[in-house]
Amino acid sequence: MSSPKKLIRPLVRDLHAYVPGEQPKIKGLIKLNTNENPYPPSPRVLAAVKAAVDGRLRLYPNPTAQVLREKLARRHGCAPENIIVGNGSDEVLALAVRCFVEPKPADGRWKMEDGGKRLAKATVQYFTPSYSLYPVLADIHGAAKNVVSLKADFSLPSVAELRRGKIWKFDAALTFVTTPNAPSGRGYKTVELEKLCRAQNGVVVLDEAYVDFADENALKLALKFPHVLVARTFSKAYSLCFQRVGYFVGNAELIAALDKIRDSYNVNGLGQIAAAATLDDLKFYRANFKKIISTREWFSRELTKLGFRVLPSQTNFILAQPPVFAAKDWLQKLREQRILVRWFSAPEVSDYLRITIGTPAEAKVLLAVASRILAV
């Protein structure tokens with residue numbers, strides 16, 4: 001009999017899986033490592049979910065999330081046909097790779113006469129650093145990857161700079177842009193994103209997971225250009241990580257193509273109800289956004305007083321370079337004091353900690369712990 005290992009596709013055997021933030025099993029930890037909203041959903045949302053826990057649980061949910069799509073369409077000034085809902089925005093990002101990108105040939109070889117065009121059709125492109133799921137999605141699909149560095153301050157290179165660099169592919173099948181950027185927190189202006197979108201020939205996904213904490217959003221670009229999709233999620237800003245609801249807004253033809261390969265009943269019924277109820281109580285969430293932004297600005301100033309170098313952020317987290325000790329050592333020192341933050345080994349950000357904006361009380365605990373660590 002064959003060994004189990006030989007039964008697995010080589011592509012999967014060699015795959016480096018996406019590593020999510022630690023989900024602690026120890027009670028009492030201050031969890032500032034996965035960019036969750038520190039405040040619960042609105043009472044109206046909790047009531048709607050509780051009311052739905054009845055005999056409906058034996059039934060399949062609406063297969064297209066129709067009610068939710070209609071509410072989202074009204075909010076964004078488009079038609080339901082311009083929206084597809086997924087099991088978190090991660091699912092719609094994965095659908096985009098499957099829908100718009102050709103896998104590389106199994107032997108990795110291209111015919112000389114059409115190699116350039118075929119390679120472009122098999123390319124997933126993104127900046128670095130950005131969401132670490134993008135390379136995993138490309139590898140799962142067997143696509144080519146084109147990775148281009150952001151500028152030293154994590155700003156976007158201009159179209160002219162990208163052309164001069166001769167690395168960026170303006171004909172890549174699919175380009176991901178995380179805006180605002182993660183893990184840096186850097187915000188991007190819609191005008192510069194529009195210039196990039198205009199220059200691209202393939203599909204562009206503007207991944208706006210953190211946009212509710214930013215000064216600008218680029219949703220209008222998804223309704224202006226036929227090749228642009230905007231990804232949104234109910235996780236980060238709307239306190240629904242547990243329910244996993246995300247969506248794309250974009251051209252109806254692109255949305256229809258994505259819908260062809262979407263799993264049946266891909267969004268659970270309670271998630272649909274929670275997300276729809278969220279849209280009925282946006283005033284509650286906007287107040288939370290203001291609280292988080294206010295905490296972010298105050299917390300950044302206080303960390304700076306302790307010697308941290310805190311980068312400007314338009315998200316619900318900050319990227320901070322700690323003093324005295326290496327960032328990886330700070331990760332452990334804070335964990336020993338029951339505080340979880342995130343550290344990435346990528347060279348562009350390995351000198352930094354990514355810290356989720358929690359409640360003011362949680363921020364005060366971290367500041368106190370950091371002061372004690374520095375006093376030793």
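The values are calculated or read from the model by the stated rules, or taken from the named source; none is laboratory data. Worth saying up front: this structure is predicted, and the values here are computed from it rather than measured. Using ideal geometry, Cβ is built from the backbone for each residue, glycine included, and neighbour counts are taken over all protein chains shown. In case anyone asks, the SASA skips ligands and DNA or RNA and just uses the protein heavy atoms, side chains included. Shrake-Rupley method; radii C 1.70, N 1.55, O 1.52, S 1.80 Å.
Could you tell me which of the residues Ala52, Ala65 is at positive phi and among the aliphatic types (A, V, I, L, M)? Before the answer, list the steps.
On the way: Ala52 fails: at positive phi.
It is Ala65.
Have a look at Ser300, Ser313 and point out the one that is in contact with a Lys or Arg (Cβ under 7 Å, 6 or more places away or on another chain) and among the polar types (S, T, N, Q). Talk me through it step by step, then tell me what you get.
Details: Ser300 fails: in contact with a Lys or Arg (Cβ under 7 Å, 6 or more places away or on another chain).
Residue meeting the stated conditions: Ser313.
Taking the condition closer than 30 Å to Lys283 by Cβ and either open to solvent by 50 Å² or more (accessible area, probe 1.4 Å) or without any contact (Cβ under 8 Å) to a residue 60 or more places away in the chain (or both), does Glu22 pass? Reasoning before the result, please.
Numbers: closer than 30 Å to Lys283 by Cβ: no; either open to solvent by 50 Å² or more (accessible area, probe 1.4 Å) or without any contact (Cβ under 8 Å) to a residue 60 or more places away in the chain (or both): yes.
No, not satisfied.
Would you please name the residue that is farthest from Leu240 (Cα to Cα), looking only at residues in segment 261-282 that are open to solvent by less than 40 Å² (accessible area, probe 1.4 Å) and small (Gly, Ala, Ser)?
For segment 261-282, the residue satisfying everything is Gly269.
For residues that are in contact with a helix residue (DSSP H, G or I) (Cβ under 9 Å, 6 or more places away or on another chain) and assigned to a helix (DSSP H, G or I), tally how many sit in segment 277-287. Please lay out each step first, then the result.
Residues of segment 277-287 in contact with a helix residue (DSSP H, G or I) (Cβ under 9 Å, 6 or more places away or on another chain): 277-282, 284-286.
Next cut, assigned to a helix (DSSP H, G or I) only: 277-279, 282, 284-286.
Number satisfying all stated conditions: 7.
Six or more apart or on different chains, Cβ under 7 Å: which pairs go from a residue in segment 246-274 that's closer than 26 Å to Asp54 by Cβ to one that's aromatic (Phe, Trp, Tyr) and loosely packed, with under 15 Cβ neighbours inside 10 Å? Could you list them?
Tyr265/Tyr60
Of everything in segment 31-81, what is assigned to a loop (DSSP other than H, G, I, E, B), surrounded by fewer than 16 Cβ atoms within 10 Å (Cβ to Cβ) and aliphatic (A, V, I, L, M)? Give them in sequence order.
Across segment 31-81, the qualifying residues are Val53, Leu59, Ala79.
Restrict the check to segment 315-338 and report whether at least one residue is basic (Lys, Arg) and part of a strand (DSSP E or B). Spell out the reasoning first.
Looking only at segment 315-338, we keep the residues that are basic (Lys, Arg), and these are 328, 333, 335, 338.
With part of a strand (DSSP E or B) added as a condition, the list becomes none.
No, the conditions are met nowhere in segment 315-338.
Being assigned to a helix (DSSP H, G or I) and over 20 Å from Gly28 (Cβ atoms) is the filter here; which residues of segment 339-376 pass it? I'd like the intermediate steps shown before the answer.
Step one: list which residues in segment 339-376 are assigned to a helix (DSSP H, G or I), which gives 360-375.
Ser371, Leu374, Ala375, listed by residue number.
Restricting attention to segment 113-152, which residues are part of a strand (DSSP E or B) and of a type outside the set (Phe, Trp, Tyr)?
First, pick out the residues of segment 113-152 that are part of a strand (DSSP E or B): 123-128, 144-149.
Thr123, Val124, Gln125, Thr128, Ala144, Lys145, Asn146, Val147, Val148, Ser149, listed by residue number.
For segment 6-22, enumerate the residues that are in a loop (DSSP other than H, G, I, E, B) and either over 27 Å from Arg262 (Cβ atoms) or touching a His at 6+ places or on another chain (Cβ under 8 Å) (or both).
If the condition is that a residue be in a loop (DSSP other than H, G, I, E, B) and either over 27 Å from Arg262 (Cβ atoms) or touching a His at 6+ places or on another chain (Cβ under 8 Å) (or both), then Asp14, Glu22 are the ones that fit.
Any residue at all in segment 233-247 that's β-branched (Val, Ile, Thr) and within 16 Å of the chain's Cα centre (by Cα)?
Yes: segment 233-247 contains one or more residues that are β-branched (Val, Ile, Thr) and within 16 Å of the chain's Cα centre (by Cα).
Please go through segment 220-260 and give me each residue that is in a strand (DSSP E or B) and either charged (D, E, K, R) or open to solvent by 10 Å² or more (accessible area, probe 1.4 Å) (or both), ordered by number. Step through it out loud before you land on a result.
Step one: of segment 220-260, the residues in a strand (DSSP E or B) are 228-233, 246-250.
If the condition is that a residue be in a strand (DSSP E or B) and either charged (D, E, K, R) or open to solvent by 10 Å² or more (accessible area, probe 1.4 Å) (or both), then Arg232, Thr233 are the ones that fit.
Mind listing just one residue for me: the one in segment 163-177 that is in contact with a strand residue (DSSP E or B) (Cβ under 7 Å, 6 or more places away or on another chain) and open to solvent by 10 Å² or more (accessible area, probe 1.4 Å) and, of those, nearest to Arg232 (Cα to Cα)?
Of all residues in segment 163-177, those in contact with a strand residue (DSSP E or B) (Cβ under 7 Å, 6 or more places away or on another chain) come to 167-169, 172-177.
Adding the requirement that they be open to solvent by 10 Å² or more (accessible area, probe 1.4 Å) leaves 167-169, 173.
Details: Ile167: 28, Trp168: 25, Lys169: 25, Ala173: 21 Å.
The selected residue is Ala173.
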